[in-house]
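The values are calculated or read from the model by the stated rules, or taken from the named source; none is laboratory data. Remember, predicted model here, so these are calculated numbers, not experimental data. Here Cβ is always computed from backbone atoms with ideal geometry, including for glycine, and neighbour counts include all displayed protein chains. Just the protein is used for accessible areas: all its heavy atoms, side chains included, with ligands, DNA and RNA removed. Shrake-Rupley method; radii C 1.70, N 1.55, O 1.52, S 1.80 Å.
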Amino acid sequence: MIIVRRSLSRTINIAERCCGKSLPIRQHRGKRGVITAHPEDAGLRPTRTPHATDSQSHRSWPHRRPTATRLFSTATSSSQQAVDCLSLPHDSPEVMKLVQRQASKPQTSASLETLMKTGRGEYLHKMGGTHGERYAGISTEDESEATPLVLTQVASFLRRELPIRLARRIEDLSRVPLLQDMRSVQQVRELYTTSFLEILSMDKHPPSRERQGEWEERFAQVLENVYERHSSVLVQMAKGAFELRAAIRKGALESGLDDDGARASDTELQVGRDAVEFELMDSTHAFLDRFYISRIGIRVLIGQYLSLRQPPVENYVGIICSKTSPYEIVKRAIDDAAFMCTRKYGDAPEVIITGRLDMTFPYVPTHLHYIMLELLKNSMRATVEHHGVDADYPPIKVVIADGSDNEDVIIKVSDEGGGIPRSNMKRIWSYLFTTADPEIQEGMVAFNENVDHSIDSPLAGLGYGLPISRSYARYFGGDLSIMSMEGYGTDCFVYLTRLGDTKEPLPI
C-alpha cells in the first residue's frame, strides 16, 4: 500500500517516467504527510513530441513512433498532379464536391497492436507492387526506431485516410442542429476545411523512389501544421456548446430542431422554460460523441507518425509505451490534481494506492494520465467541498487490479465526497453539465486557446472532462463507469484492454 500526499512547497518541474522499470522509491514529508517520488525524476529528458491527448501537464512525456497493418498498405500508382486546393474558397462548389467525395469513402480502423507492429516495420511487406516484394522480411533493428521506409508507409496511409476522416467531420459540423450556427463551431469547421485542403494539396504518393524522402519530409511539415492548428479544437468546441447554452437561456434562438429532427416550437426555446433541457439534448450529444471520438483518432494517427520521426525512446513505439505503468501514471496524476486542489483550497486530501503496483502493459500513457487526472481532481474537489476547508479529510483510495487471466486492467477511484444525486447521473456524461460557477465557465471561454487541458485551468471548468475521459477509455476498447451513493461518496471504474487488439470505434 502506498500513501501519496502533497506538500505545499511543491517543485513544479518534476519529470517522472511512467513507462519501464520498477524503481526504488524515496519519501519526504510535506505539510500533511508523505509524498513519494522516484530518484530519477529530475533526470528524465523531455521531448518535443506532440501528445496524443493534448494533456499539457507541467512535465513532458517521452514519446516514440509506429505505423499499422494492411491499414498502412501503400499500393503504388502513377504519380498524380496534386489539385491546387488551397486557393479555393471554403464555401465554393469545388470544395464541397471534394468534401463529399472524400466523405463517401470508407474509413480504415486501427488498433493499438497494429500501430505498434507497423511502427516496428512488421508490415512493410504489405506495401503494394514491387515495393512489397522488395521489402518483405525487412524490419528495424531497434523496435523503437522507424526507418525511412516505415515513415513513407505511414505517411502514404495518412495521406489517404486523413482527408476521409476530416471530410466526414466537416459534413457533420455543417449539419448539426443549432450548434452549427455558433461562431466557435463555425471557426472549427473552417479550421478542419483548411487542414483538409492542405493535405489534399500533397501528391498521393512519392513521385519516385529517389524522391520519397523529400515527399515524406514535406508531408510531415504539413501534418505538424495540422496538429498544431487543431490543438485548440477541444476548447473551441466547448466554447461553441457554451455559446449555444447561453443563446438558448437568453431566448436568442427562437426556433430549432428537436431530437427527432423536427422543427421545435418557439415556446420550447424561450428563456426560463424547463421544456428545453440542454444537458439532455440527444442529437447534440450524439454529434459531440462522434466528433470527439473522431478527433482522438485523428490526433493519435498524426501524433504517432510525428513521434516516429523523433529520436527513439526506450520502451516506446511512437506515442505507445510497451511497458506503461498504471502506478506511475496514477502517482503523477495525484501530484497534478493535488497541485490544482491546493492552489484553490489551500490543501488536498491524501491518496492511498493499493493493488498491482508493479504491473505494466502496452498503452498510450497520455491517455491514461488524462483520465486519471480528471477523476482525481473531481474526487479531491468533492471531498474538500463536502467536508469543508481545513477539515480532516478522509483519504481517496485508488485500487489497481490485474490478473493473468483478466481481459482488462481495472483502476478504481473511491472517495467520500458526498456522492452525486441519482437525478444527475445521466447528466455527468453530458458535455455541458458542470457544477462549476457560471463565472468560472465564462472565464474558461476566454482560456488559453492553444491548450486543451492544463493544470493551469480551474478545478472545474467547461464540463467536458468526464465525457472526454470516457471517450479516451473507449477509444482502444476500454470504458469508464461511475457508481455513486448520494450523501456518502463515489466510485469510478476505469477499464483498459490488456491485449490492445480492439480497433478504433470510428464514427460514421
- Task: Give just the number: which of (1) over 23 Å from Pro93 (Cα atoms); (2) open to solvent by 10 Å² or more (accessible area, probe 1.4 Å) does Ser201 not satisfy?
- Result: (1)
- Qualifying residues in the range 463-505 (those that are among the acidic types (Asp, Glu) and part of a loop (DSSP other than H, G, I, E, B)) - the one surrounded by the most Cβ atoms within 10 Å (Cβ to Cβ): Glu504
- Among the residues of the range 179-214, write down those that are assigned to a helix (DSSP H, G or I), free of Cβ contacts under 8 Å to residues at least 40 places away in the same chain and farther than 22 Å from Met237 by Cα. Glu214
- Message: Looking only at the range 215-248, filter to residues that are within 19 Å of the chain's Cα centre (by Cα) and aliphatic (A, V, I, L, M); which one of those is nearest to Ile302 (Cα to Cα)?
- Response: Leu223
- Message: Whether any residue in the range 360-367 is in a helix (DSSP H, G or I) and without any contact (Cβ under 8 Å) to a residue 60 or more places away in the chain is what I want to check.
- Response: no
- Select from the range 402-429 the residues that are over 18 Å from Thr490 (Cα atoms) and not β-branched (Val, Ile, Thr) and write down the one among them that is modelled with the highest pLDDT. Asp408
- Message: Criterion first (at pLDDT below 80 and touching a helix residue (DSSP H, G or I) at 6+ places or on another chain (Cβ under 8 Å)) does Phe433 satisfy it?
- Response: yes
- Message: Yes or no: the range 344-351 includes at least one residue that is modelled with pLDDT under 95, within 19 Å of the chain's Cα centre (by Cα) and either open to solvent by 10 Å² or more (accessible area, probe 1.4 Å) or not polar (S, T, N, Q) (or both).
- Response: no
- Subset of the range 322-343, residues surrounded by 24 or more Cβ atoms within 10 Å (Cβ to Cβ) and aromatic (Phe, Trp, Tyr), comes to none
- Report yes if Arg183 is open to solvent by 20 Å² or more (accessible area, probe 1.4 Å) and at pLDDT 90 or above, otherwise no. yes
